[in-house]
Protein chains: 2
Amino acid sequence: MADVIGNMKRNNMCGNLTTDNIGQEVTLMGWVQKRRNLGGLVFVDLRDRTGICQVIFDKDVSEEAFNRAEEIRSEFVIGIRGIVRKRQSVNPNMPTGEIEIFVEELKIFSQAQTPPIYIEDEDEVSENLRLKYRYLDLRKPKMQKNLIFRHKITKIVRDFFDENGFVEVETPMLTKPTPEGARDYLVPSRVNPGKFYALPQSPQLFKQLLMVSGMDRYFQIVKCFRDEDLRADRQPEFTQIDVEMSFVDIDNVLSINEELINKIFKETLDVNINLPIERMPYKEAMERFGSDKPDTRFGFELKCLNDIVENSEFKVFSGTVKKGGDVRGINIDGYGDSFSRKNISKLEDFAKTYGAKGLAWIKITEEGVNSPIAKFLSEDELNKIVERFSAKAGDLILIVADESDVVYDSLGHLRVEIAKRLDILNKDEYKLLWVTEFPLFEYDKEEDRYVAKHHPFTCPMDEDIHLLETEPHKVRAKAYDIVLNGVEIGGGSIRIHSSELQQKMFKALGFSEEQAWEKFGFLLEAFKYGTPPHGGIAYGLDRLVMLLTGNDSIREVIAFPKTQNASSPMTEAPTYVEVKQLEELHIESAVE
Amino acid sequence: MADVIGNMKRNNMCGNLTTDNIGQEVTLMGWVQKRRNLGGLVFVDLRDRTGICQVIFDKDVSEEAFNRAEEIRSEFVIGIRGIVRKRQSVNPNMPTGEIEIFVEELKIFSQAQTPPIYIEDEDEVSENLRLKYRYLDLRKPKMQKNLIFRHKITKIVRDFFDENGFVEVETPMLTKPTPEGARDYLVPSRVNPGKFYALPQSPQLFKQLLMVSGMDRYFQIVKCFRDEDLRADRQPEFTQIDVEMSFVDIDNVLSINEELINKIFKETLDVNINLPIERMPYKEAMERFGSDKPDTRFGFELKCLNDIVENSEFKVFSGTVKKGGDVRGINIDGYGDSFSRKNISKLEDFAKTYGAKGLAWIKITEEGVNSPIAKFLSEDELNKIVERFSAKAGDLILIVADESDVVYDSLGHLRVEIAKRLDILNKDEYKLLWVTEFPLFEYDKEEDRYVAKHHPFTCPMDEDIHLLETEPHKVRAKAYDIVLNGVEIGGGSIRIHSSELQQKMFKALGFSEEQAWEKFGFLLEAFKYGTPPHGGIAYGLDRLVMLLTGNDSIREVIAFPKTQNASSPMTEAPTYVEVKQLEELHIESAVE
């Protein structure tokens, strides 16, 4: 059989050459980063996945190669054979800057038109253009590093679970619509007219079934799908590291996952995590940080002022407390001078996007307190507030009075926003946190009933089970999230394995037995035949890789992501299809 | 936080206990295989993923545990703590047959109703029942071994590719319909009314784009989808080991894959493959075995008789040759006595299912030739036929005269069928084969044009390129399949990387430039900006695992497979959905 690449055999990669290779004959293949003529020579920067090296065409070495080198343009794909020499003018900015290759043979594999985007990390073009020409965008060293890093993490994860007796099992992609979940992607069935598969939002039910089947320890790195409106960090399809274990309690699950996280940080970033990772109950996270995924790299913690202001003359505060709301604040300690009245007014606008009606502020200066609300508060109240925040000159206290949810949400986001504006977030610092003891339920106003905060198989904490029927909102769950620098990268729970408790749970969710069976029949059926205690966790791989590579968007760590419109400018998916295809699937388009 | 499993901590697995553990206190958790009372003791066989061990409840050891043991039924989930003792009556059929555990503490985690299927490998129930209660079916040791074996293979594959510089990159699941492929599964888009995604039939275009992007070496273990009518070894979703490499020729691709295959066999079955794996051109495979995926564990090779019979008085033979057809046969050497007239007539029926109009036969006995067609052939012709097959007493020659395709197809299947009926196929023998030099095109009668046998980016062999426009049916491709014991487990090709050659290819396929762009626009666009020579391969993981575990159906090595009706008796997917959901997706059901 004849050979596509002729008699040339690549024996080295561009980025790996060092002074150790001097004198050797090497054969390299790659893309032309640039070509220039200088002093009767032709210089080419040749690029492959490993890096760039300088290649020189010299008439005295090979006239034939030199002459053909004239044809070469940027992004041509070529192969060269030549001798590595010590470079005359060392380039300290280039890993291969101490050597260059004098070419004896040139092969042009493929020509290239001028690409519509530059193959350089710094190229600033619209994201749409980047995605349309993703195959060129992925030539950028930064993007290649991201994908290689992602590969490395999945390798570490798989090695870790394999070593620890977990079995990777593939669960179905064509499955049943998710009860109690987000919106599903549906797939019409051709052989079952009128019926639809759903793409999985997660393998939750299957992994629990695998525990029922005695697989004992399961994991999978798996695509999941949610048809939600896209935000910056969402994609229609995303990748989950999915884990489930039998015969475990919370401590077992958390400790093995801490080992995993430690291994990932150690092997990718050479960072040691302090183990065990801090655990913080949900309630504490909300009260201190206004968030169930607090960024603990910085302070600005929330303090409650209810007791100080409940009887204040300032009705905005006292009235809120009387109506059952909260008055809470944060102290931007040490950064008061960074915020002018105008800046504070911008912060207020920000807080309002989270529902706050206003943002009260108190600046502490060397001259005393400076605040538009000072005149409404008694001196004692003002002193107590300042004292609560241990505030000193140069500090800025920001206060929101509102319904509890709004106070947490607005102050929680505000403290992060302020940290960003102050640029005090250290990207190389990694603060990990388990948030635990989540509420089992949350109230769904639209449906006018309690819904499961995690999912309906989450086990309540033993000491709260007696509250299931009487005070469900007080029941805490054996659920846990893992938070990295204020981003939730994973979460899970111990599951209910007793059908008695499961019945109680459904009752609390307002399901009749019939409704419960309709929604979860096959899992309930499975639980009849011997179910081990079990629990697990799932990580968002895209986010994890994003954070570890220091990127701001998961699109930077996904090879072929979709736009906010859930479409691909490159393939033009989704597309119109032929009516014939729809007919075969027993559906019609409702679009004219 | 309280502990689901109380203060019991599992510290051993059932199947791992040996006489080394005698005297130790162990805590085990698992399912009750069976319970029986004997001589004032309660015996329980306790099962987990690793195996079964015998557990004994003795009133003298723990009265409390003994009394509770009465409640235990099959498939209850329990935890026990006890002391390992040497077994009185050793059970040599059980790996743990030399020990037993006397229980000091019992915990019942979960009760169980009598399961609808037995948890035993030998349980013979309908496949439908097995799939409905898959979580019970997967409790069978055999099924657990299959899934663990599958995990092991994917681990080996990933380790191998990682060590060899391949990067695992995830490609999209929601993508564009496949031109020139099988039937797609479609997914309606909510945010792009009237438009549809397709689930990928393979990541073919994406892996080629990754080569254009300079990823150099890619692999992925990935779900693929084809909406075809299901056969025994087909599933709507299946898993592919997908591989692509840049700057390679056929030898590079084949040799690295041979290393992989060798590693898989060595590490899973401790079998050494003879390397290099034999290569056989397509033409030879057809002529010798009537198949492009020949099982070479046995002979019965095809021989052409055209030259012997072209002028025969026997018009069935000579007429076929004159019309351009073929007369070929196989010799079931040594097994002639195994086939009575009645049996041969059954073989004829079998051959007819592949289109053969009949099956001529010649039995060679000690007394001479015995054949219904002997009287139509001259003695010289008969002698020459016997001679061609080197036939001797005890042999049976079977001959088909028909169009070439029908002859190959019917004899190719017949030789395998006969080997099965004779039960001469050794399951522990592994015969691997590369089939190469496939035709680039095949004629599609329905479409009345040539279509690509592999896919339209397959590179023709250099020495045949000149035939592209004049005699396309003669052009061979740089394509290869890997065959294991008569089953194609993978296939691939070197791809076209020159746009000039790609144009010629499209022309041969009968596409106008416009049609080509409509179908493959983004790949053709990508190829403009510098494309490396590249090629790859894809393996069917399900089939590979099936063969290596000695199973007959891929459903035995998939955790949650679908039935022939593409549905799941367990989840009842696919299902009807609410009209509201369809409205959101801008589609209507065409089913009343």
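The values are calculated or read from the model by the stated rules, or taken from the named source; none is laboratory data. What you see is a predicted model; the values in this text were computed from it and never measured. Here the Cβ is made from the backbone with ideal geometry for all residues, glycine too, and neighbour counts use every protein chain on show. When the accessible area is computed, the model is the full protein with side chains, heavy atoms only, and any ligands, DNA or RNA have been set aside. Shrake-Rupley method; radii C 1.70, N 1.55, O 1.52, S 1.80 Å.
Using θ = phi - 60° and the Karplus relation 6.51 cos²θ - 1.76 cosθ + 1.60, list the HN-Hα couplings for region B:272-281 in order, rounded to whole Hz, with x at every Gly or Pro.
8, 8, 6, 10, x, 5, 3, 10, 9, x
Report the antiparallel proportion of the DSSP beta bridges in chain B as a percent, rounded to a multiple of 5.
Restricted to chain B, the bridges split so that about 95 percent are antiparallel.
With angles folded into 0 to 90 degrees, how steeply does helix A:379-388 sit against the dominant principal axis of chain A? Use alpha carbons for both and round to 10.
50
Over 20 Å between Cα atoms, which of A:Lys223/A:Lys528; A:Lys155/B:Lys176; A:Lys195/A:Lys580; A:Lys315/A:Lys474; A:Lys283/A:Lys363 qualify?
A:Lys223/A:Lys528; A:Lys155/B:Lys176; A:Lys315/A:Lys474; A:Lys283/A:Lys363
Rounded, prolate or oblate for region B:3-110? Axes are the square roots of the Cα gyration tensor eigenvalues, ordered a ≥ b ≥ c, and the cut-off for rounded is a/c under 1.5.
rounded
By how many degrees, 0 to 90 and rounded to 10, does the Cα axis of helix A:513-527 deviate from the longest principal axis of chain A?
Taking Cα atoms only, the helix is inclined about 60 degrees.
Can you give the local net charge around A:Ala374? Use residues other than it whose beta-carbon is closer than 13 angstrom to its beta-carbon, Lys and Arg +1, Asp and Glu -1.
Once positives and negatives cancel, what remains is -3.
At a probe radius of 1.4 Å, figure out the A/B buried accessible area, summed over both chains, and give it in Å² to the nearest 100.
Summing both sides, the interface buries roughly 11700 Å².
How much accessible surface does B:Thr171 have with a 1.4 Å probe, in Å² rounded to 10?
0
Between A:Glu25 and A:Asn383, what is 0.36 nm times their sequence separation minus the Cα-Cα distance? Round to one decimal in nm.
Result for the pair: 121.0 nm of gain on full extension.
Per residue of A:160-170, what is the mean number of Cβ atoms on other protein chains within 10 angstrom of that residue's Cβ?
Mean number of neighbouring Cβ atoms from other chains: 5.
In deg cm²/dmol, rounded to 500, what helix-only [θ] at 222 nm does chain A give when every DSSP H run of at least 4 residues adds -39500 (n - 2.57) and the total is split over its residues?
Mean residue ellipticity at 222 nm (helix-derived): -8500 deg cm²/dmol.
Once you have the Cα-Cα distance between A:Asn343 and A:Val271, take 0.36 nm times their residue separation minus that, and quote the gain in nm to one decimal.
22.2 nm
Find the centroid of the Cα atoms in region B:392-436 and in region A:529-590, then give the distance between the two in whole Å.
46
Could you tell me the calculated FRET efficiency between A:Lys528 and B:Glu98, based on Cβ-Cβ distance and R0 = 25 angstrom, to the nearest 0.05?
0.10
Using only the Cα atoms, what convex hull volume per residue in Å³ does the protein assembly as shown have?
Here the figure is 235 Å³ per residue.
Let me have the relative contact order for region A:298-425, percent, based on Cα pairs under 8 Å that are six or more residues apart.
So the answer I get is 35 percent.
Using a Förster distance of 51 angstrom, determine the FRET efficiency expected from the C-beta separation of B:Glu124 and B:Leu41, and round it to 0.05.
With a Förster radius of 51 Å, E is 0.95.
For A:Ser89 and A:Glu278 in the same chain, what is the full-extension length gain: residue separation times 0.36 nm, less their Cα-Cα distance, in nm?
Here the segment from A:Ser89 to A:Glu278 would lengthen by 62.8 nm.
Helix B:250-269 against the longest principal axis of chain B: what's the angle in degrees, Cα atoms only, rounded to the nearest 10?
The angle comes out at about 30 degrees.
So in the protein assembly as shown, what percent of DSSP beta bridges are antiparallel if you round to the nearest 5?
95
Accessible area per residue, 1.4 Å probe, Å², for chain B: what's the number?
It amounts to 41 Å² per residue over chain B.
Indicate the gyration tensor shape class of region B:244-378 (rounded, prolate or oblate), computed on the Cα atoms with a ≥ b ≥ c the square roots of the eigenvalues: a/c under 1.5 is rounded; otherwise a/b larger than b/c is prolate and the rest oblate.
Taking the square roots of the gyration eigenvalues as a ≥ b ≥ c, region B:244-378 is prolate.
Sort the following peptides by mean Cβ neighbour count (other Cβ atoms within 10 Å, averaged over residues), highest first: A:428-439, B:476-487.
Answer by packing, highest mean first, reads B:476-487, A:428-439.
Between copies, how far does the label point of A:Glu259 sit from its twins, in nm, shortest first, when each point is 7 Å from Cα along Cα→Cβ?
3.1
Looking only at other chains, what is the average number of their beta-carbon atoms within 10 angstrom of each beta-carbon in A:173-180?
6
Quick one: what are the phi-derived ³J(HN,Hα) couplings along region A:405-411, Karplus 6.51/-1.76/1.60 with θ = phi - 60°, whole Hz, x for glycine and proline?
4, 5, 4, 4, 5, 6, 5
Put the label 7 Å from Cα along Cα→Cβ for A:Leu129; what are its distances to the other copies, in nanometres, shortest first?
6.6
Taking all protein chains together and a probe of 1.4 Å, list B:Thr114, B:Thr458 from the most accessible to the least accessible.
Descending accessible area places them as B:Thr114, B:Thr458.
Identify the residues of region B:60-88 with backbone N under 20 Å of a label point that sits 7 angstrom from the Cα of A:Glu500 along the Cα-to-Cβ direction, or state none.
B:64-80
Just to make sure I understand: if all protein chains stay in place, what is the order of B:Asp251, B:Asp60, A:Asp270, A:Asp464 by accessible area at 1.4 Å, largest first?
Correct descending sequence by accessible area is B:Asp60, A:Asp270, B:Asp251, A:Asp464.
So for region A:298-425, considering every pair of alpha-carbon atoms, how many percent are separated by more than 25 Å?
15
If you count, for every residue in B:205-217, the Cβ atoms of partner chains within 10 Å of its Cβ, what is the mean?
Mean partner-chain Cβ count within 10 Å for B:205-217: 6.
Given the whole protein assembly as supplied and a 1.4 Å probe, what does the accessible area of A:Ile308 come to in Å², nearest 10?
Estimated to the nearest 10 Å², A:Ile308 gives 20 Å².
Output ³J(HN,Hα) for region A:107-119: one whole-Hz value per residue in order, computed from phi by the Karplus curve 6.51 cos²θ - 1.76 cosθ + 1.60 with θ = phi - 60°, and x for Gly and Pro.
10, 9, 7, 7, 7, 8, 6, 4, x, x, 10, 6, 8
Say a label goes 7 Å from Cα toward Cβ at B:Glu513 in every copy; what distances in nm does this one have to the rest, shortest first?
From this label point to the equivalent ones elsewhere in the assembly: 7.3 nm.
By accessible area of protein heavy atoms, probe 1.4 Å, what ranking do B:Glu120, B:Glu127 get, highest first?
Result, largest first: B:Glu120, B:Glu127.
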